[in-house]
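Chemist: Got a structure for you, written out below as structure tokens; questions coming shortly.
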Amino acid sequence: MAFTRWDPLQDLLALHERINRLTGSDEAGWMPPVDLFEAPDRYVVTAEVSGLSREDLQIHIQDGKLTLKGERQPHDPQSVRFERVERGHGRFARTFLLPQPVDASAITADLENGVLKIDVPKLIDRRRIDVE
């Protein structure tokens, strides 16, 4: 009998994706593949968005939800004849619920070789309480 480590965050994210697909709360279009993982001090989101520029992407955070939006424009059908179309085109939106508060002012994003990496630092309460 093999034991595996239970990852409640992964189960929550999978459930969130299923609900979004059922309710249609994400925009229609194509869905870039996304990885979301948690480190002790941050969340990291990576998305495969080949063919998109920085101007084609929008990242928003509100109420603990990180939203990634973008649009991949198709080729002009008048100028080319497609033999096969496998890459998605049009708008997309992905929303991820982050279980812990994050520092929205410190979020960074980098696009390199068609992979978008979003670094989302957790909000760490560093207040010290002195004992009198």
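Chemist: Kindly provide the set of residues from region 72-108 that are aliphatic (A, V, I, L, M) and over 14 Å from the mean Cα position of the chain (by Cα), ordered by number.
Modeler: Val80, Val85, Val102, Ala104, Ala106
Chemist: Next question, about the same structure. Check Thr95, Thr46 and return the single one that is among the β-branched types (Val, Ile, Thr) and either loosely packed, with under 14 Cβ neighbours inside 10 Å or touching a Ser or Thr at 6+ places or on another chain (Cβ under 9 Å) (or both).
Modeler: The match here is Thr95.
Chemist: Identify the residue in region 119-132 that is at pLDDT below 85 and of a type in the set (D, E, K, R) and, among all such residues, is nearest to Gln62 (Cα to Cα).
Modeler: Looking at the filtered set, the residue picked out is Asp125.
Results for (1) β-branched (Val, Ile, Thr); (2) exposed (fewer than 11 other Cβ atoms within 10 Å of the Cβ); (3) in contact with a Lys or Arg (Cβ under 9 Å, 6 or more places away or on another chain); (4) on the phi < 0 side of the Ramachandran plot, shown as yes or no for each residue.
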| residue | (1), (2), (3), (4) |
| --- | --- |
| Leu52 | no, no, yes, yes |
| Leu66 | no, no, yes, yes |
| Arg72 | no, no, yes, yes |
| Gln78 | no, yes, no, yes |
| Arg81 | no, yes, no, yes |
| Leu111 | no, no, yes, yes |
| Asp119 | no, no, yes, yes |
| Val131 | yes, yes, no, yes |
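The values are calculated or read from the model by the stated rules, or taken from the named source; none is laboratory data. Please read these numbers as outputs of a predicted model, since none were measured by experiment. Cβ sites come from the backbone with ideal geometry, for glycine too, and all protein chains shown count toward neighbours.
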